[in-house]
Amino acid sequence: MVTELIGWAAAAILVATIGRQVYTQWQTGSTAGVSKWLFVGQVSASTGFVVYSWLLGDGVFIATNAVMLATAVLGQCIYLRNCRKGRRRPAPRR
């Protein structure tokens, strides 16, 4: 039970971190400071981890990596939209 709680807590932190990046990118309409390879790498890694987690039968990692995969795809879509709009103004500092 404690082991799974640690896993879920770590998963929540990871998803919140990438989620915040995607939200900031969406909100500002900017690609400043974001590598075009960030989300490509995240999609690739998350896809591999979903398969790996499924093979291990680990529900925490299956759920976490599936959400990370969805977030990375969304982030890539927002990144591409922002690039097409030509908005390359710096993101506000927080």
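Only residues that are surrounded by 15 or more Cβ atoms within 10 Å (Cβ to Cβ) and aromatic (Phe, Trp, Tyr): list them for segment 30-88, please. Within segment 30-88, PHE39, PHE49, PHE61, TYR79 qualify.
Elements of the type helices (runs of 4 or more DSSP H) sitting completely within the chain and holding at least 1 residues that are among the aromatic types (Phe, Trp, Tyr) and touching a Lys or Arg at 6+ places or on another chain (Cβ under 6 Å): there are none.
Of all residues in segment 9-18, those that are surrounded by fewer than 16 Cβ atoms within 10 Å (Cβ to Cβ) and touching a helix residue (DSSP H, G or I) at 6+ places or on another chain (Cβ under 7 Å) total 1.
Read-outs throughout are calculated quantities, based only on the coordinates presented, and are distinct from any laboratory measurement. Note that the structure is predicted; figures quoted are calculated from it, not measured. Heads up, the Cβs are rebuilt from the backbone with ideal geometry, glycines too, and the neighbour counts pull from every protein chain shown.
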